[in-house]
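Report on the following structure.
Read the figures in this text as sums done on the coordinates, not as results from a lab. Here the structure is a predicted model, which means the values were calculated and not measured. Here the Cβ positions follow ideal geometry from the backbone for every residue, glycine too, while neighbour counts run over all protein chains shown.
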């Protein structure tokens, strides 16, 4: 019998929580968009096609990545459908599927995800998103931030119960199911990644998520957030395994420090004044996005090589901070995040087809050797 990916991961997680080894999940990013130019990628062919996404997934698999986050918004191809196709065309690749409670009813999602997880032999990862994304376009009337997070908490609760129990009855404010059973539950529930920086978001993460995702912030800021979330987990009576932590960040790596910074600054200059993606514009007042603006006020470069300027421009979907430098310099910075307790990394740079190889071959070995 073939041992499932998640069974092995479960064993690794056990020893990680016992302090006997350090688990690192190294994920790439697949944009999943029909429009070219995402994050400054100058590739002109293939966007929105299965062939293009499959090439990225196979390259990630070949060059050391455990999987990839698939981009999600209303204006993109359906993320879950793309993830299913990629799982069928790969053998080890783990799709991190971004889902929104406003798109899905939890019972429907629990059934679809359980089926995909079984068909892929335990490879599914799930990223639950609460942020605004053109809600009127798909009929979502829940737009108030605290309400969205309250709904997300119910979504996670219903999904977890349907993955682990039979004849589930749930009566919540936003969701209700009666005597509900998923025909194909996963052998082991896929981990639920989650992001958000507001107090409401942190309460959801502390109680319900498996891994809290952060944008790239300075080490002192993330150390404070990790400590607060761990304390909050105790305060909300968390019933799951200890909360883990992840980092979503662009890593711009070049052969020399000078070339890396020259390329980073040129890219930010090109992005200024461009129309931001709809999802980014809709979340400009979100707490996490405001934190990026605040970081830029502290300085353009923080810690050793954290570049804050990209978080203020938003052009082409690149509204985040970047780590900039040579492979050893960026790896050293990522190891410092790891020392804080971060064990999941979602990295990327453009052009995607080139950088999935470059970073896989040059950066990942340095992280695994740490």
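A few comments on the model shown:
- Ranked for footprinting exposure by Cβ neighbours inside 10 Å, fewest first, 141, 251 give 141, 251.
- Gaussian network model of the chain, Cα within-10 Å springs - most flexible of 343, 72, 180: 180
- Site pair residue 164 and residue 81 shows an inter-label distance of 3.3 nm when each label is modelled 7 Å from Cα along Cα→Cβ.
- In this simple spin-label model, placing a label point 7 Å from the Cα along the Cα-to-Cβ direction at both residue 357 and residue 105 gives a separation of 4.7 nm.
- If you run the Gaussian network model on the chain, springs between alpha carbon atoms under 10 Å, then out of 67, 246, 299 the most flexible one is 299.
- With the simple model of a label 7 Å out from the Cα in the direction of the Cβ, residue 301 to residue 336 spans 1.2 nm.
- Over the stretch 87-131, all Cα pairs binned in 10 Å intervals from 0 give whole-percent P(r) values of 27, 52, 20, 1, listed from short to long.
- Considering helices alone, the calculated mean residue ellipticity of the chain at 222 nm is -13500 deg cm²/dmol, with DSSP H runs of length four and up weighted by -39500 (n - 2.57) and normalised per residue.
- 0 to 90° range, to nearest 10: angle between helix 219-235 axis and the chain longest Cα axis: 10
- If R0 is taken as 35 Å, the Cβ-Cβ distance between residue 173 and residue 234 corresponds to a FRET efficiency of 0.90.
- Among 234, 117, 263, a tally of other beta-carbon atoms within 10 Å of each Cβ gives an order, fewest to most, of 234, 263, 117.
- Springs between Cα atoms under 10 Å define the GNM used for the chain, and in it the highest mean-square fluctuation of 170, 138, 337 occurs at 138.
- Shape category assigned to the stretch 58-122 from the gyration tensor of Cα positions, a/c cut at 1.5: oblate
- Between 0 and 90 degrees, the angle of helix 145-164 with respect to the longest Cα principal axis of the chain falls at about 60 degrees.
- With an a/c value of 1.5 or above and a/b not larger than b/c for the gyration tensor axes a ≥ b ≥ c computed over the alpha-carbon atoms, the stretch 317-366 is described as oblate.
- Against the main long axis of the alpha-carbon atoms of the chain, helix 5-17 sits at an angle near 80°.
- Over the stretch 43-182, the alpha carbon radius of gyration divided by the compact-protein estimate 2.2 N^0.38 Å works out to 1.13.
- Label point of residue 147 set 7 angstrom out along Cα-Cβ; within the stretch 170-213, amide nitrogens under 18 Å from it belong to 172-176, 200-201.
- Cα gyration tensor shape for the stretch 142-214, rounded if a/c is under 1.5, else prolate or oblate: oblate
- Ascending count of other beta-carbon atoms within 10 Å, so fewest first, for 179, 133: 179, 133
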